[in-house]
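Asks: Got a structure here, written out as structure tokens. Questions coming.
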Amino acid sequence: MEIEIATPRWALPLQADKTPSGGIVRYKGVWGGRASGKSHEMAGMVVEAMVADPDCSVVCIREIQKSLALSAKKLIEAKIREFGVGHLFDVLKTEIRRIGGNGMCIFVGMQDHTADSVKSLEGFNIAWVEEAQSLSQRSLDLLIPTIRAEGSQIWASWNPRRRSDPIERLLRSAKGPRADAIVVRANYTDNPFLPGPMKRTAEDAKENDPEGYPHTWLGEYESVGSKVVIPAAWVKSAIGIAAKLDIEVTGRKYAALDVAGGEDGGDENALAIRKGISLLSVTPWNGLDTAITTQKATRLAAAQGVREAYYDSVGVGEGVTGEWASMGRRSEQPDGFKWHPWSGGASVLDPDGRIEPNNPQSPLNKDQYQNLKAQAWFSLRKRFENSHKAARGKPYDPEMMIDLPADLPNLAQIEEELTQPQHKTSGTGKTMVDKQPDGARSPNLADAINMAFFPCMAATLTYTGAI
């Protein structure tokens, strides 16, 4: 049978049989802001696929499926009625079955699945992930190899949160488009079926909520006003800021080492080197025990004229302490070079000082920050804020800036990691920083950068570098 379906212009690429590069379509994705019609279009595509193939089975997925009322079931039912194909479907309480075939549509939460239980989805032809920005890496790792029937596809619709979210890394990687994916953007401005009141609501937000509007309505990453410590727009502003403003970069050099686990840990070491306001380099490497890592980091830092270096001394980083002492006994320590321990869990620096030194009404450091990690991350945030102000021609503090040279290797990864940490409030009302929200990977490069720009000896809480 033929169905006439009104399709918005932005959705036309999703109807293609091949990707833009001519490859087989494995993934289809649509991202953007609220009221774009993303979910409506995906629901319509589900119905269309099941009408075309009576044996097509679809699983609609969320990270957490609290109830069917919060699933796509009602939306798919509405599309069945809209298309006039109710006679082809048996709508049951928890699933929708295709009359005249073996196809079905079910609704699940990935968080409830294990490696064994997810095998029940192996025969499904399509997996549609709703609110895909919330899908954890664990869930994605379970889902991808499970949906493996011949010609099967994984669809996703989402409003981006952070560049580091698993769905972003999968379908919007900084490396460029996937050869097996069709991914489009849709916003309310692209929705020809948008009701007038909703359009007025969006336009009101554009005027009255300029900070939240880009994320909520245009699908930009979370920014000011969200839980992200350093907004993506601020990081963008810092790229090449010294060159743009013709700032001569002066000041001491510092290095900082974020220490990874063993060779099988899947983690990375990262050594950041900074001069004044400018990040000179961030060098990552996999594996190696702490002894070899300490030796390598020492050589790299000393070769660039660094004399003050810091390392994350908690956990596996304790090995640096022992190896540095051993290097001293072997007379292998470079002249004038020193490693200092840095512990994010330590108490704040200058506890009785105010978070805004020139504002006597601002909170004390000890009342605002849970620990040194939070204090350091918000100091780094202040640097990016000043770089953002400078880029926009507004007054800024030239001593509290940060410059990310445009030719930095790993710049895309650095951007991604710097915008990953989120802040939250402790039980005592103090600011905390969560570096790995929703199971994200540890931001090793960003951790090293954070320490390099807040070079204090946590053991004595003595700040050793000019801010």
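The values are calculated or read from the model by the stated rules, or taken from the named source; none is laboratory data. Bear in mind the structure is a predicted one, so any value in this text is a computation, not a measurement. Here the Cβ is made from the backbone with ideal geometry for all residues, glycine too, and neighbour counts use every protein chain on show. Calculation scope for accessible area: heavy atoms of the full protein, side chains included, ligands and nucleic acids excluded. Shrake-Rupley method; radii C 1.70, N 1.55, O 1.52, S 1.80 Å.
Asks: Just wondering, is there one or more residues in region 3-23 that are of a type in the set (A, V, I, L, M), open to solvent by less than 20 Å² (accessible area, probe 1.4 Å) and touching a Ser or Thr at 6+ places or on another chain (Cβ under 6 Å)?
Replies: Checked region 3-23: no residue is of a type in the set (A, V, I, L, M), open to solvent by less than 20 Å² (accessible area, probe 1.4 Å) and touching a Ser or Thr at 6+ places or on another chain (Cβ under 6 Å).
Asks: Same structure again: Within region 137-146, track down each residue that is free of Cβ contacts under 8 Å to residues at least 60 places away in the same chain and either touching a strand residue (DSSP E or B) at 6+ places or on another chain (Cβ under 6 Å) or of a type in the set (Ser, Thr, Tyr) (or both).
Replies: If the condition is that a residue be free of Cβ contacts under 8 Å to residues at least 60 places away in the same chain and either touching a strand residue (DSSP E or B) at 6+ places or on another chain (Cβ under 6 Å) or of a type in the set (Ser, Thr, Tyr) (or both), then 146 is the only one that fits.
Asks: Pull up region 69-87, narrow it to residues that are more than 21 Å from residue 121 (Cα to Cα), in contact with a helix residue (DSSP H, G or I) (Cβ under 7 Å, 6 or more places away or on another chain) and part of a helix (DSSP H, G or I), then point me to the one that is least open to solvent (accessible area, probe 1.4 Å).
Replies: Selected residue: 80.
Asks: A follow-up question, please. Name every residue in region 128-182 that is of a type in the set (Gly, Ala, Ser), closer than 24 Å to residue 222 by Cβ and assigned to a loop (DSSP other than H, G, I, E, B), in order of residue number.
Replies: Once the filter is applied, which keeps residues that are of a type in the set (Gly, Ala, Ser), closer than 24 Å to residue 222 by Cβ and assigned to a loop (DSSP other than H, G, I, E, B), region 128-182 yields 136, 164, 173, 174, 176.
Asks: Now for a separate question. Being closer than 30 Å to residue 435 by Cβ, at pLDDT 95 or above and either of a type in the set (S, T, N, Q) or open to solvent by less than 10 Å² (accessible area, probe 1.4 Å) (or both): is that true of residue 186 here?
Replies: In short, no.
Asks: Oh, and also: Show the residue pairs that are 6+ apart or on different chains and have beta-carbon atoms under 8 Å apart, the first residue being within region 317-345 and over 12 Å from residue 257 (Cα atoms), the second being surrounded by fewer than 19 Cβ atoms within 10 Å (Cβ to Cβ) and charged (D, E, K, R).
Replies: Final answer for the pair search is 319/289; 336/307; 337/307; 338/307.
Asks: Please count how many residues of region 292-338 are open to solvent by 20 Å² or more (accessible area, probe 1.4 Å), small (Gly, Ala, Ser), in a helix (DSSP H, G or I) and farther than 12 Å from residue 255 by Cβ.
Replies: 6
Asks: Can you tell me which residue among 272, 302, 309 is farther than 25 Å from residue 433 by Cα and either modelled with pLDDT of 95 or more or in contact with a His (Cβ under 8 Å, 6 or more places away or on another chain) (or both)?
Replies: Matching residue, one of 272, 302, 309: 302.
Asks: Here's another thing I want to ask about it. Do the conditions hold for residue 154, that is, is it open to solvent by 30 Å² or more (accessible area, probe 1.4 Å) and among the hydrophobic types (A, V, I, L, M, F, W, C)?
Replies: On the way: open to solvent by 30 Å² or more (accessible area, probe 1.4 Å): no; among the hydrophobic types (A, V, I, L, M, F, W, C): yes.
Judged against the criteria, residue 154 is not a match.
Asks: State yes or no: is residue 341 in a strand (DSSP E or B) and either of a type outside the set (Lys, Arg) or farther than 14 Å from residue 456 by Cα (or both)?
Replies: Spelling it out, residue 341 is indeed in a strand (DSSP E or B) and either of a type outside the set (Lys, Arg) or farther than 14 Å from residue 456 by Cα (or both).
Asks: Which condition breaks for residue 2 when tested against (1) assigned to a loop (DSSP other than H, G, I, E, B); (2) closer than 21 Å to residue 185 by Cβ?
Replies: (2)
Asks: Could I ask something else about it? Test of understanding: among 404, 349, which residue is at pLDDT 95 or above, open to solvent by less than 60 Å² (accessible area, probe 1.4 Å) and not small (Gly, Ala, Ser)? Walk me through it before giving the result.
Replies: On the way: 349 fails: at pLDDT 95 or above.
On inspection, the qualifying residue turns out to be 404.
Asks: Further question: Would you check which residues across region 412-427 are farther than 15 Å from residue 381 by Cβ, open to solvent by 50 Å² or more (accessible area, probe 1.4 Å) and in contact (Cβ under 8 Å) with a residue 24 or more places away in the chain and list them?
Replies: 413
Asks: Would you call residue 66 in a loop (DSSP other than H, G, I, E, B), modelled with pLDDT under 95 and over 30 Å from residue 216 (Cα atoms)?
Replies: no
Asks: Residue pairs, Cβ under 7 Å, 6 or more apart or interchain, first in region 289-315 and aliphatic (A, V, I, L, M), second open to solvent by less than 30 Å² (accessible area, probe 1.4 Å) and assigned to a helix (DSSP H, G or I). List them.
Replies: 291/319; 291/323; 309/301
Asks: Among the residues of region 428-453, write down those that are modelled with pLDDT under 85 and open to solvent by 30 Å² or more (accessible area, probe 1.4 Å). So that I can check it myself, show each step before the final result.
Replies: Initially, region 428-453 is screened for residues modelled with pLDDT under 85, giving 436-441.
Selection gives 436, 438, 439, 441.
Asks: Also, I was wondering about something else. Do the conditions hold for residue 76, that is, is it β-branched (Val, Ile, Thr) and within 27 Å of the chain's Cα centre (by Cα)?
Replies: no
Asks: Moving on to the next point. Which one is surrounded by the most Cβ atoms within 10 Å (Cβ to Cβ) among residues in region 88-117 that are part of a loop (DSSP other than H, G, I, E, B) and within 34 Å of the chain's Cα centre (by Cα)?
Replies: 113
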